[in-house]
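For reference, the structure discussed in these notes is given below.
No value in this document is a laboratory result; all are computed from the given coordinates. Here the structure is a predicted model, which means the values were calculated and not measured. Here the Cβ positions follow ideal geometry from the backbone for every residue, glycine too, while neighbour counts run over all protein chains shown.
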Amino acid sequence: MIALSFTKESAQVYDISDYYSFFRSLGFWESAFIQSVLLFVLLLIFLFFLKNDFNKNFKYLFWIIIIDVIISAQLNIPLTATSDSSTSALKKKLSILPEKFHVPQNRPALMYSDSSGQIGLFWKNLGIFYKRPQFDGYNPFHMKGYSRLTDEPGVFYPVLKNNLAFLSDNYSFFADTIRDTVILKSKPNHLFIHEKFKQEIKAGNLQSSGSDQAEIILFRPDQIKIKSHTSFSQFLTLMQHDYPGWNVSVDGKHVDHFTSDYMFISILLPAGDHLVEYTFENKTVSAGLIISIVSILVCLALLIAKRKIK
């Protein structure tokens, strides 16, 4: 795309693609810094109008918001996608998708791929629309555990052969990096556990049998339930990232869990029939929500009080 800039002496030609190339070359923090500076300037302008006659200058706030949206859109558009599809056509396609999360079959994670089922201009992170789990997709904020796992194909691909929730009766500890990956060729359900959990895990005698099973009976973003049956004690692993905030209970009683294979949630499951429940609660997000609501209420109270004084 070419832009022309005319002066008295000559016409200058600018290649707008250089603009996109510049922003594509920026890292996350550089982009965040530039956008923060520009939005900070808009915030100062907003405060200037707020300090003066608010009723008189209220109409200018509309244009400040428009400029804010344009800046944000232009800074982010090189890293996103646009389409000429109509919103009504897209809405029609999205309307046939499930509204709630359904219970997925407990089958190999490799079968839950993000590479099929494109919906209009949406071609990534389709699990969000289909309400299903997926092992791949795009996320600019990859978790450290996921990055480590994908960086080691000798671990990543064999592990994906396991079901979403799988049982295991063999494991080993590692210090910094999983090295003994040969065992995964014959036993993909072999667990690799960081040695920091060595003192906590008292597995004892583990054994599997043909009647062992794990069935997913509830699947939600913040709650997952699994019904299990084992003849002997085993490890139960859920292929969910062990992000801070996940808690596990067995038959209603809280149990300690640990991270296996760099990122998954594992527990030591006693023999018998059990109901295992995984729940997620991010206290940081909850606290941030409360702070945001309180801040908005305080700002509104100050605006109302200022108008009453005038």
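Only counting other Cβ atoms within 10 Å, I'd like T279, T230, T87 sorted with the fewest neighbours first. If you can, show how the numbers build up before the last one.
Values: T279 15, T230 24, T87 7.
Going from sparsest to densest Cβ surroundings: T87, T279, T230.
Lys and Arg at +1, Asp and Glu at -1: add these up for the other residues within a Cβ distance under 11 Å of L191 and post the number. Before the final figure, lay out each step's value.
On the way: positive: K187; negative: D169, D261.
So the surrounding residues net to -1.
Quick check on my link table: of K225/K253; K131/K253; K161/K202; K144/K283, which ones sit more than 18 Å apart, alpha carbon to alpha carbon?
Working: K225/K253 13 Å; K131/K253 29 Å; K161/K202 27 Å; K144/K283 20 Å.
The answer is K131/K253; K161/K202; K144/K283.
Starting from the 7 Å offset along Cα-to-Cβ, what nm value, one decimal, do you get for the label separation of I296 and Y60?
2.6 nm
Does region 191-310 come out rounded, prolate or oblate, given a ≥ b ≥ c as the square roots of the eigenvalues of its C-alpha gyration tensor, rounded meaning a/c under 1.5 and, failing that, prolate meaning a/b above b/c? Don't skip to the answer; put the middle values down first.
Details: a/c = 4.42, a/b = 2.83, b/c = 1.56.
Since a/c reaches 1.5 and a/b is larger than b/c, the shape of region 191-310 is classed as prolate.
Rounded to the nearest 0.05, what FRET efficiency do L218 and A271 give with R0 = 25 Å and r taken as the Cβ-Cβ distance? Could you check?
Values: r = 23 Å, r/R0 = 0.92.
That pair, L218 with A271, gives E of 0.65.
Tell me whether region 136-182 comes out rounded, prolate or oblate; compute the Cα gyration tensor, take square roots of the eigenvalues as a ≥ b ≥ c, and use a/c under 1.5 as the rounded threshold. Let's see the in-between values first.
Working: a/c = 2.02, a/b = 1.32, b/c = 1.52.
Oblate shape, in that a/c is at least 1.5 and b/c is the bigger or equal ratio.
Compute the distance in nm between two label points, each set 7 Å from the Cα along the Cα-to-Cβ direction, one at S249 and one at L90.
Each label point is offset 7 Å from its Cα along the Cβ direction, giving 4.0 nm.
What is the calculated FRET efficiency for K306 to W29, with r their C-beta to C-beta distance and R₀ = 35 Å, to the nearest 0.05? Don't skip to the answer; put the middle values down first.
Numbers: r = 37 Å, r/R0 = 1.05.
With a Förster radius of 35 Å, E is 0.40.
How far, in nm, would the chain grow between T279 and S36 when pulled straight, counting 0.36 nm per residue and subtracting the alpha carbon separation? Numbers along the way, then the final one.
Numbers: separation 243, 0.36 × 243 = 87.48 nm, distance 3.49 nm.
That pair, T279 and S36, stretches by 84.0 nm at full extension.
Can you compute the FRET efficiency between I201 and K161 using 1/(1 + (r/R0)^6), with r the Cβ-Cβ distance and R0 = 30 Å? Round to the nearest 0.05. All intermediate terms of the calculation are to be shown ahead of the outcome.
Values: r = 24 Å, r/R0 = 0.79.
Step by step, r from the Cβ atoms, then E = 0.80.
For region 97-284, just the Cα atoms, rotate onto the principal axes and tell me the three extents in Å, largest first.
Extents along the principal axes: 52, 38, 36 Å.
Taking θ = phi - 60°, what integer Hz values does the Karplus form 6.51 cos²θ - 1.76 cosθ + 1.60 yield along region 195-211, in sequence order, with x for Gly and Pro?
5, 5, 8, 4, 6, 7, 8, 10, 6, x, 8, 9, 7, 10, 9, x, 8
State the extension gain, in nm to one decimal, for the chain segment bounded by A287 and W123, taking 0.36 nm per residue of separation less the distance between their alpha-carbons.
Details: separation 164, 0.36 × 164 = 59.04 nm, distance 3.37 nm.
Result: 55.7 nm gained on full extension.
Could you pull out every residue, at least 5 positions away or on a different chain, whose amide H is within less than 5 Å of the one on L191? Hs are placed 1.01 Å off N in the peptide plane, and Pro or chain starts have none.
Correct list: N170, Y171, S172.
For a quick check: with amide H placed at 1.01 Å from N, whose amide H comes under 5 Å from N125's, ignoring anything fewer than 5 positions away on the same chain?
So N125 has HN proximity to Y138.
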